[in-house]
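Peer 1: Would you mind keeping the following structure in view while I ask a few things?
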Amino acid sequence: MGGLHAKRKAITIWFGNTRIVLRENNRIVRMDNAKLRLAHPVRVVKGDWMVPTEFLTSVLPTLLNQPVRYRVADRQVLIGNVHPNTFSVAASAVPHGTELTFRFTQPIQLQTAARNGKWVIFLGSHPVESTQSAFRFANSYVPEARFDDQDGIPKLILTPSSVGLDFFPSLTGGGRVLVALVKQPPPSPASRPQPTGNVARPLAATGQSAATLPQAATAVPPIIASPTLPVVVLDAGHGGTDDGARGENGLLEKNLTAELVARVRVALLASGKYKVVLTRVGDVNLSSNQRDVIANLAHPLAFISFHAGNMGLAIPRINVYSYAPSSPPDPNLMGAESPLFVPWNQVQLAYAAESQQLALDLQQQLEATTHEAGSKPWQVPVRVLRSVAAPAVAIEVGSLAPDTNPTPLTNPTFQNQIAIGVVMALAAFQAGAS
Ligand SMILES: [Zn+2]
């Protein structure tokens, strides 16, 4: 994004090399020479230019060179080639109970837990999309099932109508069909006392699904929909035609960074404390500006970019960077024209102190978890950090060089140590900030 130029009835926005022109009360968006017609006109309210939400799905995909979908129901913007798992629901009556059948388009991983009188069915780490957030059933056992993925972990929450019902979840159809059987327990000869307090009875599994239900109630961290979880943006460096550095055995930096991001993402989600947004999904080209736009849309707690470059022969080695401009910014230019606008190339400057703190926390925690001696965090003009409106750092592991065997960098133990180090560093960062 190169800048923004407002006239009385029109505004011109530069986004990389693409020029966008919007006009007040006009549905036409001009992008370079192309015209795009919105269903609703652009408005100006008290000097602020406002575009209809369809702008996200019509204009943004072209700018980001990635598919963008806007889910109206929960106001989520999905960027990138995410193919979410979808499902259909059916309920059928069985003697003294009901059977709910959820048919997914892709296999799920099943874990269940009982909380506050409800049964929670965790569906694994792959995104799941639901057409509605609540499903109602005409039976006297489970009147409602809710779908929730606000914390980044998709799950179904079943509310039983009364205390003491038995719940038998099972997974069939190659992991695509989830059957939740809910039954009145058989009457016992002696009047057996109904359990109180612990309303939802955890978890009897049936037949083949037993193996997929390990210590369910303890295996999952105690998280139920907390819409206020902070977002961490993970950026896998390079991608598409940009391979980045290359190791002795042909290992490419772009693939190693994607691997690291995948591990860190899982660790962050498993902590139950964060939502995760990825900039690059798949092997695609993405400019620094595009990465920064994705980050800024998410209003994150932190932005972490991953790289693996040629840092000399020692391996493995870790450096953490925060942003410093190549030349000091001219104080006369900073926000001088309007306090509402910060020049795109100076966005990160306001977060310098926080970014340096985050870099320090990461350096310390990564040294502790990987047992690799590192240097102090560096402040360098890392381009991808320049326009991030949040604490932002880059982590570089190395060396990935043509004369170095990169095997230690692909070692799952090393990569998991990095993932755990990131989780611990974010905790330390948040503790220091509060
Ligand atoms: Zn790199």
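Peer 1: Quick test of your reading of the structure: P391 fulfils all but one of (1) surrounded by fewer than 19 Cβ atoms within 10 Å (Cβ to Cβ); (2) over 20 Å from G244 (Cβ atoms). Name the failing condition by number.
Peer 2: (1)
Peer 1: Let me ask something additional. Could you check the stretch 233-267 and list, in sequence order, the residues that are closer than 16 Å to V284 by Cβ, assigned to a loop (DSSP other than H, G, I, E, B) and touching a helix residue (DSSP H, G or I) at 6+ places or on another chain (Cβ under 6 Å)?
Peer 2: Result: G237, H238, D243, G244.
Peer 1: Further question on the same structure: Could you tell me which residue of the stretch 310-325 is nearest to the ligand (Cβ to nearest atom), considering only residues that are of a type outside the set (A, V, I, L, M, F, W, C) and at pLDDT below 90?
Peer 2: So the first thing to find is which residues in the stretch 310-325 are of a type outside the set (A, V, I, L, M, F, W, C), and the list is 310, 312, 316-317, 319, 321-323, 325.
Going one step further and asking which of them are at pLDDT below 90, we end up with 310, 312, 316-317, 325.
Working: N310: 9, G312: 15, P316: 15, R317: 14, P325: 20 Å.
Among those residues, the one meeting the criterion is N310.
Peer 1: Scan the stretch 115-136 residue by residue and report those that are of a type outside the set (K, R), surrounded by fewer than 18 Cβ atoms within 10 Å (Cβ to Cβ) and more than 23 Å from V276 (Cβ to Cβ).
Peer 2: N116, G117, T131, Q132, A134
Peer 1: Does at least one position in the stretch 224-232 carry a residue that is assigned to a strand (DSSP E or B), crowded, with 17+ Cβ neighbours inside 10 Å and modelled with pLDDT of 80 or more?
Peer 2: Scanning the stretch 224-232, I find at least one residue that is assigned to a strand (DSSP E or B), crowded, with 17+ Cβ neighbours inside 10 Å and modelled with pLDDT of 80 or more, so the answer is yes.
Peer 1: Residue by residue through the stretch 245-286, note down the ones that are basic (K, R) and within 14 Å of the ligand (Cβ to nearest atom).
Peer 2: Once the filter is applied, which keeps residues that are basic (K, R) and within 14 Å of the ligand (Cβ to nearest atom), the stretch 245-286 yields R246, K254, R280.
Peer 1: Give the number of residues within the stretch 255-287 that are more than 30 Å from Q430 (Cβ to Cβ) and of a type in the set (D, E, K, R).
Peer 2: 1
Peer 1: Can you tell me which of D235, D242 is within 16 Å of the ligand (Cβ to nearest atom), in the same structural domain as T404 (by TED's automatic domain parsing), over 16 Å from G124 (Cα atoms) and surrounded by fewer than 21 Cβ atoms within 10 Å (Cβ to Cβ)?
Peer 2: Just one listed residue meets the conditions, D242.
Peer 1: Return a yes/no flag: does the stretch 385-396 have any residue that is at pLDDT 90 or above, part of a helix (DSSP H, G or I) and among the small types (G, A, S).
Peer 2: no
Peer 1: If you go through the stretch 293-309 one residue at a time, how many are within 16 Å of the ligand (Cβ to nearest atom) and either of a type in the set (K, R) or modelled with pLDDT of 90 or more (or both)?
Peer 2: Residues in the stretch 293-309 being within 16 Å of the ligand (Cβ to nearest atom) and either of a type in the set (K, R) or modelled with pLDDT of 90 or more (or both): 6 in total.
The values are calculated or read from the model by the stated rules, or taken from the named source; none is laboratory data. Because the structure is a prediction, the values reported are computed rather than measured. Positions of Cβ are generated from backbone atoms using ideal geometry, with glycine treated the same way; all protein chains shown enter the neighbour counts.
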